Structure formats: structure tokens, C-alpha cells
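Engineer: Here you go, one structure.
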Amino acid sequence: MAGISQIPGVRQQVGFIARLRWLLFKNSLRNIKGRLEAVSAGILWLMMSGLVFGGGIFMGIATYFLVASGRWSWLAGLTWIVFLFWQVYPIFAASVNVQFDFANLLRFPLRFSSFFALSLIYGLFDPGAVASLVWLFSMWIGLSIARPAMLGWGLIVLLIFAAMNLFFGRMLLAWLEKWLARRRTREILGFIFILIIISFQLIGPTLRHFEHHHSQLPNGWLSILLPVAHALPPGLAGRSLQFGLGGNFLYASYLLLFLLLYAAMFLWLLRVRLSAQFRGENLSETSAAAAPAPVRSRGVPSAAAAASWKIPGLSHSIGAVFEKEIRYAFRSGPMLLTLIMPAPLVVLLGFTFRQQGAFRHLPLQMVFPVAIAYVFLIIQINSVFNSFAYEGTGIQFMLLAPVRFRDVLLGKNLFVAFVTIVETLLVWIVVAWMFARPSVEISVATVAALLYASLANFAIGNILSVCYPRRLEFGVFRQKKQAGVTMIVALVAQAVLVGLGGIVLALTRSFHRPILSVPIFLAFAIIAAIGYRVSLGRLDSLALSHREALTAELCRAE
Amino acid sequence: MSTEPAIVTEALTRRFGDLVAVDQVNLRVDAGQFFGFLGPNGAGKSTMIKMLTGLLAPSSGSARILGLDLTRHSVEVKASIGVVPEGLALFGRLTGAEYLNFAGRMYGLDRETAAQRTKELLEFMQLADRPKSLITDYSHGMQKKLAMAAAVIHGPKILFLDEPFEGVDAIAAGTLKSMLQRMIARGATIFLTSHVLEIVERLCSHVAIISKGKLVAQGSLEELRAGIEARQGAAASDGKLTLEQIFLDIVGGSRETERELTWLG
């Protein structure tokens, strides 16, 4: 065709993309929000460079001393640190930053080599990779100063190790992207992610457990873990350096060969994924929907089966919202997990702490209120302050339907209250079974405290939900968190509510009259109920004045 | 039938900062009309429909729906209208049947009526084959049909549709048109925006055209046609003007293309 010159080469195409990124950044500075984000990114970069260079100095010095003092086998520890940071950082960064999807560039006549090179270059400029490369460079400097003869070998090993990290990281993200493109896999991974976050709470008790039994268990674990660690890439790199330092270059080369094989395998897996992307695969949900779903029956279920629930005492609209909330909770693994995990966690933590005698200083009667405070925080922080997070375009329906907005939020609050009640009952049973049956006074006082704290939370949460909505997606990590105002207000509110409850219970208990806390909490509950009623009354006008912000935020395309 | 117009706006205006998206629009839609609201991209169609359905507050002016002031009687107005907005207003984590039941209940239907209408609507819209599928897994056309079903479940007197045929295949479009014609036959008023002028021409009895926020034409197709023919004289009288010709004439979309983009070949 007239006017078409040759398709640009790889270097030119990469140059175009670099210019595109620059233009995207420059244009993002046009509004105040963009400028503020650039400033915060700059501050983050400054902090990050402190970590990078501080870490680099540490790595260099540590390598020098390990080599100089003959503790060569410990070098693998340093390569493991580099590996974990390089691989874990992008996953956490992806959970807070919106990433540039360079697969969008495939509409242009991009060569596969350019596409492949872009993926690797993008990986190379990832902050985690930059930091890791600086650390590896520092290790090489430390190694070369301590043992100048290792300058060449060290360079080869660390370069191959860096390449392996680059290929592995890109390969992992490329495959994750494929899996996360489907709703179901996204939710399964989200489920696992939350389980991992929850399991962090068990690290402390587990470590204390090892402290008590350090003579047996750690050795047992080490005998299993060490051979595995040695066979994995960071272990191979560290041991190749170790055997090189010992002069056994034959064995060091043998280990390096395995490291190379790992790198080649990751490169191949990355190529498989990227060539599928390059050929133009469609990962959208609609493609999954296009496939005919297994049809169980040709018609719809009978009218009776399809009818909504009959919830006595609730109006049409409040009952419908309550039912919708329950259905939504059961349709999202991560959401369901957040709601049902508190009671099992109380069991788990209870066992661990009891074994360690951690409750020595806590009167048994106080275990129930403490457990309830924990449950309250987990459930309500996640579900009260950004009530419309998962509505998406459904918020338009709420605004178009002939219902008062207070009814919508009342339905949502009732759902959270229902979950809180069920969890409270479960926790009472757990505590009675594991520790001691909570006394009537403590049980009633705790429930009264829960009542006042929940009402106060609902009053604050409803207003924040309408004024500072933030769209979230089930099981999607690349998204913004709650609005800053919401996070601050929610944290302060929890600190005040739980703190106040704790003080009242502790004071009345110190006078041996825990029952006195009941009227105090009930008085608080009355004040909170008035506040709740006032806030409900304001919600209709508040929703009306914030309807544009609500729809703009919750209906925006991802 | 009531003589009260279905929709009346007086100097309805909406500003976004310096931009006047809808500027002093006086619109009248009589009950029972199939009304097409047309305009080029960015002319103010969606802003107008959002204001008429209560999704957006006007900067000034007023709107009366079925004789009721939209600001003062928003709940009563909402109970009488059905809306398929731009974003479709769906809850992705519900099944089609659950969503329609939910919509019915929110519009005040009792459980049995909501369930019965849900069943009928799913069958009519040919969505009954996948009772267990979540809406998020529906195709775009299926979602559009479901949004339409939810908008009519309570039997609204006025139906507002923002681009109802966009991204919809011929089969789904046929189903939607069939439903709309039933509603018109029953005496309902339909107010739709669309870029597909052929569909508007075939379905609508009356149209209004908005350009750069201002209402530039309003009336039945015959009235608009007659106006242009009177202005252009014999030149236009060779054949019946299509809606596209009317639209381009009013909006001023015709252009000299001979010398443009010659490199395209």
C-alpha cells in the first residue's frame, strides 16, 4: 500500500513504547490528583532507594564477611533473600498499583521479538528487580573484594541467577494473568490469598511454640527443608559460589548447569504464554460465557422455586436487599471467608495460646469479651464502612428504584448484624467448650457492648459508604484500597469503641461488679441508637446529593 | 387515557464546570408516544436521560414526569417509570431469575407476582436456558435483555432506554423491539436514545434532536420532514427524506470529502 514504509525494528518499537509511557506519565500530571500521585510516587521512590542502597550495602558487607570468614554455605541465604524479594514484591505492588498492560499494544504491527523483549525489559525495570539487581551487584563487589579470584565466576553465577529471576518473575506473572482472567480462578486465588493473610496471624504463636521445643522440631524441619532449598535456584546459585570458593569448579559448574536449566525452562514457559498472547487469545469472561453452559432443564425453575425469600417482619425492599446481601456473600469465596473465619480462628488461636499458657494473666471470664472484640473487628471493618464496594453498576438500580436509600442501608446493616449474631453464638460455644462457660453477667455485658459498638459502626459506616464510596472487585488484587478518609475514620472509630468497651469492662470487673457494665453499655447503646436513627434519616438526602459521585465511582469501567 | 403529558421539561440545564452539557431544554413528550431522542456523540443525550430518571441533578430548570415534579416526588415518579441506563444497573453476582425477583420486590411486587413475572420475562427474553448462570457470565446481549426485563417487571407507564440496541445482535434486537411494540400497544410511553437511525425511524413516531446541549428539533417524523422539504423546496421533494438525511440536515453533519484523506486510496 502506498506510503507504508518498513515495519520498525525491535529497538525502534521499544523506543516508541518508552515514549508512550512518558506521554502517559506527562498527561497524568494534568490534574491535581495526578500530580499528588506523582509526588507520593516520588516519596515512595525515595524511601525505596533507601531500601535499595541500604540493602545493597548490607548485601555487599555480608558477602564480604561470609567469604572472608569462611562461612561460604551461608551465601545461599543471601541468594534466597534476593530471590524472594524479586518475586514477591511485584505481586504485592500489583495489589496496590494499576499496572500498564502492554498486551494492549498487540493491535499494532509489533513483532513477536519486540513483544517478548518488551516483557523482559518491563520486568527488568520493575522496582523489585532493580533493587534485587543492585543487591546482586553488591554481592559481586563484596565477593570480588574478599576473593579477587572469584571475580569472573561470581559474575557468571550471579548473571545467570539474575536472568533466571527475571524469566521466573515474568513467567509467573504472565501465567497468573491468564488464571486471574477467569472469575472462578480469580476467586480461588483470592481465597488462598486471604488464607495466607490470615495465617500470618499464626506466625507469632508458631514461633513461640518453636521457642519452647527448639531442641527437637527445628532440626526435624531443617532436615526436610534444606535439601529442597539446595535443589531450588537460589540454593543452586549460593552453592555454586560456595563450591567455586572451595576451588571445586567441576561441582560448581554442575550446579550452575542446573541453574541454567531452570532459567531455560522458565524462559520456555514464558515464551509459551507470550506466544499465546501474541496470537491473540481472548481471556475475557464473555468468551467463557459464550460456551454453552450445561443446561439442566430447558425451562426456568418453577415460579415457586424462583421466588424470593419470605422474611417475616421486613418490608419488600429491606427483605430484598437482605436476601441479595446473603446471596452475594455466598457467591464470593473471599467475602464468605472473611465472614465465617472469625469463629474458627478463635478456636485455632485459643488452642495455640492455651498450650503456651498465654492466658495465665487473663482471667478466664475475660476470654469471651476479648474473642468477641476480635470477631467484631474482623467482620465489621470489612463490611460496614464501604457498603457499596461490590455493587458495581447495581448502584444505579438502587438509585432508580422507588425505595428510600435508608431502607437499602438498613437491609445491608441487618445482614451484617445477622452475621455478627451468628458468630457471637459460635464464639460463646467455643469459649465455653475450650475455656470456661462465660458467666451470665459477662455474656450480657459483652452482648450489650456489641450492641452499642455495632450501632455506632452502622451510623458512621452508612454515612462513609455514601460519601466516600470506593469500587472493589471480588478477588481482584490490582485495585485501589478503601478511600483514605474511610480508612482513618474506621480505624479511629474501632479504637474508640473497642477501647471504651474494654475500659468499662475492666473497671467494673476491678470493683467485682461486671454486671454494672450492662447498664453503662445499654446507655451507650441508646445514644448509639439515637445516632443511628439520625444518620438513617439523613441518608436519603445524602444519597441524593452524592448520587453522581456514587455512580461515577461504582460504575466506572475497570 | 390521561391528557397529562408524559414528560415535560422547562429550561432544563446541566453544567459540568464550564461545559454546558444540556442547555435550557424545553421538551414535551405526550403519553403513548414512541419517542426517539437523537444527537451526535457528546450532544447531551445521556445527560438528559439521567436527569429525567433522577440519576443526575439538574443545574437549573425543572422536569415533570406524568404530571409530578421529579425533584419533589422522586419516589412516586420512580415507581411509574422503568429505566435501562447506560451501565445497565445489574448485580453481576445474582442469577437472572434472582435479579428479576429482586427488582420486582424493590418495585413493591409481592413474592408470588414477582416470581410469576420473572418466569414469563425470562422465557420471553430467551434467558431461561441458563437458570444457574450468574449475570456476570452473561454475554452483553443477554445482559441488555435482562436489564430490559428488570425495567418492565412492574409494568411502568414510561420506559427510558439509553442506547438499547448498542452491542445487541439482530436476534436480541428483534426480541427487544417486539417487547417495546407490545408496551406501546398497551399505552405506555417509550423514550429512547439511539445512534441507529434506521431503528429509530422504524420504531419511533416522534423524535427530538439535541446538538451541543441545545434542543434543535422536535416533532413527529412527518413534521420534521415537512419542515426540511419546505426549506429546501423542490430539491428535496424527489423522494421521501430518511431520518438520516433529516438528522444530517439539522445537525449539519454533511462534509466535503473529496479532498480529504486522499492517501487512503
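The values are calculated or read from the model by the stated rules, or taken from the named source; none is laboratory data. Predicted model only: the values in this text are computed from it and were never measured. Every residue, glycine among them, receives a Cβ derived from its backbone with ideal geometry; neighbour counts consider all protein chains shown. The protein model used for the area step is the full one, side chains on, heavy atoms only, and it has no ligands, DNA or RNA in it. Shrake-Rupley method; radii C 1.70, N 1.55, O 1.52, S 1.80 Å.
Engineer: Identify all residues within segment B:94-111 that are over 22 Å from the mean Cα position of the chain (by Cα), within 7 Å of chain A (Cβ to nearest Cβ) and open to solvent by 20 Å² or more (accessible area, probe 1.4 Å); write none if there are none.
Structural biologist: Result: B:98, B:105, B:108, B:111.
Engineer: Also, quick follow-up: Condition first: closer than 23 Å to residue B:28 by Cα and in contact with a His (Cβ under 6 Å, 6 or more places away or on another chain). Can you find one or more residues in segment B:209-222 that meet it?
Structural biologist: Restricting attention to segment B:209-222, the residues satisfying the condition of being closer than 23 Å to residue B:28 by Cα are B:209-222.
Filter again for in contact with a His (Cβ under 6 Å, 6 or more places away or on another chain), leaving B:220.
Yes, there is a match, as at least one residue in segment B:209-222 is closer than 23 Å to residue B:28 by Cα and in contact with a His (Cβ under 6 Å, 6 or more places away or on another chain).
Residues checked against (1) within 14 Å of another protein chain (Cβ to nearest Cβ); (2) surrounded by 15 or more Cβ atoms within 10 Å (Cβ to Cβ); (3) at pLDDT 70 or above; (4) over 29 Å from the mean Cα position of the chain (by Cα):
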| position | (1), (2), (3), (4) |
| --- | --- |
| A:215 | no, no, no, yes |
| A:224 | no, no, yes, yes |
| A:231 | no, no, yes, yes |
| A:245 | no, yes, yes, yes |
| A:298 | yes, no, no, yes |
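Engineer: Could you figure out which of (1) away from every other protein chain (no Cβ under 14 Å); (2) assigned to a helix (DSSP H, G or I) isn't true of residue A:386?
Structural biologist: (2)
Engineer: Separate question: When segment A:359-405 is examined, which residues are found to be aliphatic (A, V, I, L, M) and either farther than 30 Å from residue A:441 by Cα or in contact with a Pro (Cβ under 7 Å, 6 or more places away or on another chain) (or both)? If you could, list the steps in order and put the result at the bottom.
Structural biologist: First, the residues of segment A:359-405 that are aliphatic (A, V, I, L, M): A:362, A:364, A:366-367, A:370-373, A:375, A:377-379, A:381, A:384, A:389, A:395, A:398-401, A:403.
Across segment A:359-405, the qualifying residues are A:375, A:378, A:379, A:389, A:395, A:398, A:399, A:400, A:401, A:403.
Here's the yes/no breakdown for (1) at pLDDT 95 or above; (2) open to solvent by 50 Å² or more (accessible area, probe 1.4 Å); (3) farther than 18 Å from residue A:80 by Cα:
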{"residue": "A:248", "(1), (2), (3)": "no, yes, yes"}
{"residue": "A:251", "(1), (2), (3)": "no, yes, yes"}
{"residue": "A:262", "(1), (2), (3)": "yes, yes, no"}
{"residue": "A:266", "(1), (2), (3)": "yes, no, no"}
{"residue": "A:275", "(1), (2), (3)": "no, no, yes"}
{"residue": "A:278", "(1), (2), (3)": "no, yes, yes"}
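Engineer: Given the conditions (1) polar (S, T, N, Q); (2) more than 9 Å from chain A (Cβ to nearest Cβ); (3) within 20 Å of the chain's Cα centre (by Cα), which single one is not true for residue B:60?
Structural biologist: With respect to (1) polar (S, T, N, Q); (2) more than 9 Å from chain A (Cβ to nearest Cβ); (3) within 20 Å of the chain's Cα centre (by Cα), residue B:60 is out only on (3).
Engineer: Here's another thing I want to ask about it. Can you name the condition, by its number, that residue B:114 falls short on among (1) open to solvent by less than 20 Å² (accessible area, probe 1.4 Å); (2) facing another protein chain (nearest Cβ under 8 Å); (3) within 23 Å of residue B:48 (Cα to Cα)?
Structural biologist: (3)
Engineer: Would you confirm whether or not segment A:402-415 contains a residue that is open to solvent by 20 Å² or more (accessible area, probe 1.4 Å), touching a Gly at 6+ places or on another chain (Cβ under 8 Å) and not assigned by TED's automatic domain parsing to the domain that holds residue A:37?
Structural biologist: The answer is yes; a qualifying residue exists.
Engineer: Another question, if that's okay. List, please: which pairs have Cβ atoms under 8 Å, are six or more places apart or on different chains, and start with a residue in segment A:311-324 that is more than 7 Å from chain B (Cβ to nearest Cβ) and open to solvent by 50 Å² or more (accessible area, probe 1.4 Å) and end with one that is in a helix (DSSP H, G or I) and of a type in the set (D, E, K, R)?
Structural biologist: That search, which allows pairs on different chains as well, returns A:315/A:407.
Engineer: What residue, of A:403, A:419, is touching a residue at least 40 places away in the same chain (Cβ under 8 Å), closer than 30 Å to residue A:542 by Cβ and assigned to a loop (DSSP other than H, G, I, E, B)? Working first, answer last.
Structural biologist: On the way: A:419 fails: assigned to a loop (DSSP other than H, G, I, E, B).
So the residue among A:403, A:419 that is touching a residue at least 40 places away in the same chain (Cβ under 8 Å), closer than 30 Å to residue A:542 by Cβ and assigned to a loop (DSSP other than H, G, I, E, B) is A:403.
Engineer: Taking segment B:200-231 as the region of interest, how many residues are open to solvent by less than 50 Å² (accessible area, probe 1.4 Å) and farther than 21 Å from residue B:49 by Cβ?
Structural biologist: 3
Engineer: Here is a further query. Test each condition in (1) under 20 Å from residue B:53 (Cα atoms); (2) more than 8 Å from chain A (Cβ to nearest Cβ); (3) assigned to a loop (DSSP other than H, G, I, E, B) for residue B:82 and report the one that comes out false.
Structural biologist: For residue B:82, the failing item is (3).
Results for (1) more than 19 Å from residue A:77 (Cα to Cα); (2) in the same structural domain as residue A:81 (by TED's automatic domain parsing); (3) surrounded by fewer than 19 Cβ atoms within 10 Å (Cβ to Cβ), shown as yes or no for each residue.
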| site | (1), (2), (3) |
| --- | --- |
| A:129 | no, yes, no |
| A:136 | no, yes, no |
| A:141 | no, yes, yes |
| A:149 | yes, yes, yes |
| A:152 | yes, yes, yes |
| A:179 | yes, yes, yes |
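Engineer: Whether any residue in segment A:540-547 is away from chain B (no Cβ under 14 Å), part of a helix (DSSP H, G or I) and of a type in the set (Lys, Arg) is what I want to check.
Structural biologist: If we filter segment A:540-547 for residues that are away from chain B (no Cβ under 14 Å), which is where we start, we get none.
Within segment A:540-547 (the criterion being away from chain B (no Cβ under 14 Å), part of a helix (DSSP H, G or I) and of a type in the set (Lys, Arg)), the answer is no, since none of the residues qualifies.
Engineer: Is it fair to say residue B:182 is closer than 23 Å to residue B:128 by Cβ, open to solvent by 20 Å² or more (accessible area, probe 1.4 Å) and not acidic (Asp, Glu)? Steps first, please.
Structural biologist: Numbers: closer than 23 Å to residue B:128 by Cβ: yes; open to solvent by 20 Å² or more (accessible area, probe 1.4 Å): yes; not acidic (Asp, Glu): yes.
Against the criterion (closer than 23 Å to residue B:128 by Cβ, open to solvent by 20 Å² or more (accessible area, probe 1.4 Å) and not acidic (Asp, Glu)), residue B:182 qualifies.
Engineer: Sticking with this one: I need the full set of residues from segment B:3-22 which are touching a Lys or Arg at 6+ places or on another chain (Cβ under 9 Å) and open to solvent by 40 Å² or more (accessible area, probe 1.4 Å), in order please.
Structural biologist: Step one: filter segment B:3-22 for residues touching a Lys or Arg at 6+ places or on another chain (Cβ under 9 Å), giving B:4-10, B:14, B:20-22.
If the condition is that a residue be touching a Lys or Arg at 6+ places or on another chain (Cβ under 9 Å) and open to solvent by 40 Å² or more (accessible area, probe 1.4 Å), then B:4, B:10, B:20 are the ones that fit.
Engineer: Pick out the one residue from B:180, B:159, B:176 that is over 19 Å from residue B:244 (Cα atoms) and at pLDDT 95 or above. Walk me through how you get there before you give the answer.
Structural biologist: Numbers: B:180 fails: at pLDDT 95 or above; B:176 fails: at pLDDT 95 or above.
Just one listed residue meets the conditions, B:159.
Engineer: Follow-up. Within segment B:65-93, track down each residue that is among the charged types (D, E, K, R), modelled with pLDDT of 90 or more and surrounded by 21 or more Cβ atoms within 10 Å (Cβ to Cβ).
Structural biologist: Of everything in segment B:65-93, just one residue is among the charged types (D, E, K, R), modelled with pLDDT of 90 or more and surrounded by 21 or more Cβ atoms within 10 Å (Cβ to Cβ), namely B:78.
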